[in-house]
Amino acid sequence: MVRQIRKAAVLGSGVMGSGIAAHLANIGIPTLLLDMVPRELTEDEKKKGLTLEDKSVRNRISQTALSKLLKQKPAPLTSKKNLAFIEAGNFEDDLERLKDVDWVIEVVVENLAVKKSIFEKVDQFRKPGSIVSSNTSGISIEAMAEERSEDFQKHFLGTHFFNPPRYLKLLEIIPTKATDSTVFAFMREFGENVLGKGVVEARDTPNFIANRIGTYGLLVTVREMLKGGYSVGEVDSITGPLIGRPKSATFRTLDVVGLDTFAHVAKNVYDQVKGDEQEVFRTPDFMQKMLEKGWIGSKSGQGFFLKKGKEILELNPETLQYEERKKLQAPSIEIAKQTKGFANKMKALVYSEDRAGQLLWNIVMPTLVYSAQLLGEIAETIVDLDQAMKWGFGWSAGPFEIWDAIGIAQSVARLEQEGIAVPQWLKDFVAAGHETFYKEENGIVSYYDNGSYKQVIENPRVIHLQTIKKQKGVIKKNSGASLMDIGDGVILLEFTSPNNAIGLDIVQMINVAVDEAEANYKGLVIGNQGKNFCVGANIAMMLMEAQDDNIFELDFVIRQFQNAMLKIKYSAVPVVAAPFNMTLGGGAEVSLPAARIQATTETYIGLVEAGVGLIPGGGGTKELYMKALKGLPKGVSVDIQQVANKVFETVAMANVSTSAAEARETNFLNFADGISVNPDHQLYDAKQVVLSLYEQGYTPPVREKVPVVGESGYATLLLGAEAMRLSGYLSEHDMVIAKELAYVLSGGKLPFGTEVDEQYLLNLEREAFLRLISMPKSQQRMQHMLIKGKPLRN
């Protein structure tokens, strides 16, 4: 029998429980969300004449949680429509419905007795063979399953999501001794392929892997700050991106997580360990005082930082007064900023004798040593431990990868010189002449494990472009892009320019890639593995040309860009675009004409040119309009004015989707386009789409005429723009841009319903683009974006 999860139940509707329910809803799994029955009526319920027996009252707690899902930021749901997949209920009336559920996830209060009580009831009502798991962040999984039936224990494990579940990649799965191995294997595969998570097997120990190491590291940092006389701001200025950690660094992270939550996680370890280790997990006195005052971070409006007007103040841990925020100044910081490569940056910092170097040595090395001490106890391999920290805490490198970067032998020698104990296995490692925990040969990565190196086993659905380039090289490349063979007759065009911004170099490589695919391959994928798919066109280059009044050169560039987009659209072999994260302006324009789009769940796509004083220049408006027309269900009469209105609003307002699901609602994607829940699988999925289209006998689309709304429709669009201006959504120059956009989208001075060819609309677009880029106010917007990184409303 093939195991499937067709329906789930989440027990507990707090922030985490409702977030997990939302994640399940996002992937289309109907989910019951259950919580306690209220014991008292609210004043509002009393006014309505309701009683404690009314269903709306009995389901109030879980129903309220559902309502909150629509308001939370960042949004737990990829589309508000997904709320329909979640049904509210309660523990007293609805537990018997667990007989229809394939997976029950417990997310109630972190109290063993409460959890055991819940599981006793679950055991009575669940169907045999259904999976039951706990989302506990650190309570013993074995202890929860005690006294439960044999079938329950065989199908029980820990599934620890990180908050918020939609966005954070890590899922720690913790089997018990009684967990059936096939159940664990299924949940691991389900977690990766269906939930889209990075799955790590953790041992049943306090706080598992990521929270154990992460909490230790944060508390070591706090103690070192106090010991060395550093300020909160100084610590955050050096424990963020400079050392491969998130921008939130140390104390901003604690403010976001909430000091109350952090203290609870730390106490869980404190209560279960002894000696020096226990002392590290004791919450410092000044943090206890913060808890007493309710200064727990973003939730309470103040924590380690306080926003006062436009100024952000930092807390002085000695006086508990807020002061002007400070940044750590040290020569090693400036050297690291100028140094290329993570390893070189880390060496420049941790081996420096200045204040920054001393601080980092004293917080990084204890965390690395602690990780080495716990290897085998909390995680089986260094790979599991490293991935847990990268996926759960957003580190760019895990503890053992960091150790490789700074040099193991050198750092261990210094640790021993300072009298700091290191595990015996680490001494043996160095004595044996090993230099790194990881080795790479011909793109194959191996890791150290008990005296030998073993190959890192990858999911076959993961394609690493760097590995392919090392193993096969590239077919062709220039300053902006590389073309490579990803196997099975499919090639891939990778953008490599800064921020993957589109310039003539990328346009030229698009032409080369399509020609190569048509001549020698089954199809082409356009994708990359950068931070974002593409943030738009190279506006620095365009601004320079505009300021020099090189309109002829700009006209040439836009023509080339438009022609390249048509080349993608009418390629003789399938071209699949693989957008992810920020896919803005030109990035959207590259995606829209592709035969298919294979996006990731977190694809934020939009034609945002209005923000820099322009309209789309690569056919984006035309293509979005055509895609919207084709996206209507068969049999539905086409109201081209209604379609034009929607496209006009989307482009004029520079709207960006908050997910791939939302992009479907705004016609950037249609229902033939795919969405990869696991971003690591996206390029594999895109490749499979190419192969599927090829095997079906792909033929390019027929060049069709486009019906436009013409002169009367232009007037209608302007009425809409004027309404947006009166509502405060459009500024004076926004109106100038809106008029140009409306003229292009309507087709100009033509009768309503006139059918035009694509080139006619592209010519209108190019002319409007050149008029706008010549305007001083548009140039001001472009310059502001380049300098400030955000749009100017002028």
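The values are calculated or read from the model by the stated rules, or taken from the named source; none is laboratory data. Predicted model, so just to flag it, every value in this text is computed and none were measured. Note that each Cβ is placed from the backbone with ideal geometry, even for glycine, and that neighbours are counted across all protein chains shown.
Of R766, R781, R771, R793, all but one fail to be touching a residue at least 24 places away in the same chain (Cβ under 8 Å), part of a loop (DSSP other than H, G, I, E, B) and under 17 Å from I615 (Cα atoms); the exception is R793. Of N667, N655, all but one fail to be assigned to a loop (DSSP other than H, G, I, E, B), crowded, with 21+ Cβ neighbours inside 10 Å and among the polar types (S, T, N, Q); the exception is N667. Selection of the stretch 16-45 for residues being in a helix (DSSP H, G or I) and modelled with pLDDT under 95 yields E43, D44, E45. Apart from one condition, N511 fits all of (1) outside the structural domain of Y694 (by TED's automatic domain parsing); (2) of a type outside the set (A, V, I, L, M); (3) outside any strand (DSSP E or B); the exception is (1). Of all the residues in the stretch 672-716, those that are in a loop (DSSP other than H, G, I, E, B), within 24 Å of N193 (Cα to Cα) and without any contact (Cβ under 8 Å) to a residue 24 or more places away in the chain number 0. The residue that is farthest from T600 (Cα to Cα), among those in the stretch 514-535 that are of a type in the set (G, A, S) and outside any helix (DSSP H, G or I), is G523.
For (1) under 17 Å from M144 (Cα atoms); (2) modelled with pLDDT of 95 or more, each residue gets a yes or a no:
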{"residue": "E53", "(1), (2)": "no, no"}
{"residue": "E87", "(1), (2)": "no, yes"}
{"residue": "D94", "(1), (2)": "no, yes"}
{"residue": "I118", "(1), (2)": "yes, yes"}
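Taking the conditions exactly as written (closer than 19 Å to A481 by Cβ, under 22 Å from the mean Cα position of the chain (by Cα) and either free of Cβ contacts under 8 Å to residues at least 40 places away in the same chain or not in a loop (DSSP other than H, G, I, E, B) (or both)), does A588 satisfy them or not? For A588, the condition - closer than 19 Å to A481 by Cβ, under 22 Å from the mean Cα position of the chain (by Cα) and either free of Cβ contacts under 8 Å to residues at least 40 places away in the same chain or not in a loop (DSSP other than H, G, I, E, B) (or both) - is met. Criterion applied to P574, P579 was being free of Cβ contacts under 8 Å to residues at least 60 places away in the same chain and within 24 Å of A660 (Cβ to Cβ), and the one residue passing it is P579. Looking at I737, is it in the same structural domain as G586 (by TED's automatic domain parsing), of a type in the set (V, I, T) and within 27 Å of the chain's Cα centre (by Cα)? Against the criterion (in the same structural domain as G586 (by TED's automatic domain parsing), of a type in the set (V, I, T) and within 27 Å of the chain's Cα centre (by Cα)), I737 does not qualify. Scanning the stretch 770-792 for residues that are surrounded by fewer than 18 Cβ atoms within 10 Å (Cβ to Cβ), under 15 Å from E545 (Cβ atoms) and touching a Gly at 6+ places or on another chain (Cβ under 8 Å) gives a single hit, M775. Annotation note: of V57, V2, the sole residue that is among the hydrophobic types (A, V, I, L, M, F, W, C) and in a loop (DSSP other than H, G, I, E, B) is V2. The residues of the stretch 701-755 that are among the small types (G, A, S), within 13 Å of K622 (Cα to Cα) and in contact with a strand residue (DSSP E or B) (Cβ under 7 Å, 6 or more places away or on another chain) amount to a single one, G747. Counting only helices (runs of 4 or more DSSP H) that sit wholly inside the stretch 162-250, those with at least 3 residues that are out of contact with any strand residue (DSSP E or B) (no Cβ under 6 Å at 6 or more places or on another chain), in contact (Cβ under 8 Å) with a residue 60 or more places away in the chain and within 30 Å of G28 (Cβ to Cβ) are 181-193.
In the stretch 1-13, the residues that are within 12 Å of A25 (Cα to Cα) form Cβ pairs under 8 Å with partners that are aliphatic (A, V, I, L, M) and assigned to a loop (DSSP other than H, G, I, E, B), at six or more places apart or across chains, as follows: R6/I29; K7/I29; K7/V101; A8/I29; A8/V101; A9/V101; V10/V107.
Is it true that G275 is under 31 Å from the mean Cα position of the chain (by Cα) and over 16 Å from T205 (Cα atoms)? No. Filtering the stretch 654-712 to residues that are within 30 Å of R781 (Cβ to Cβ), within 18 Å of the chain's Cα centre (by Cα) and among the β-branched types (V, I, T) leaves V656, T658.
Only one of the numbered conditions (1) within 27 Å of V456 (Cα to Cα); (2) crowded, with 20+ Cβ neighbours inside 10 Å; (3) small (G, A, S) is not met by G244, and that is (2). Please enumerate the residues belonging to the stretch 437-475 that are part of a helix (DSSP H, G or I) and aliphatic (A, V, I, L, M). Those that are part of a helix (DSSP H, G or I) and aliphatic (A, V, I, L, M): L465, I468.
Scanning the stretch 274-321 for residues that are closer than 22 Å to I213 by Cα and among the β-branched types (V, I, T) yields V280, T283, I296. From the list S62, S134, S130, S67, the lone residue that is of a type in the set (S, T, Y), surrounded by 19 or more Cβ atoms within 10 Å (Cβ to Cβ) and either within 26 Å of the chain's Cα centre (by Cα) or at pLDDT below 95 (or both) is S134. The condition of being among the small types (G, A, S), closer than 16 Å to T666 by Cα and in contact with an Asp or Glu (Cβ under 6 Å, 6 or more places away or on another chain) holds for G585.
Checked against the criterion of being in contact with an Asp or Glu (Cβ under 8 Å, 6 or more places away or on another chain), touching a residue at least 40 places away in the same chain (Cβ under 8 Å) and buried (at least 19 other Cβ atoms within 10 Å of the Cβ), the stretch 142-158 contains one or more residues that satisfy it.
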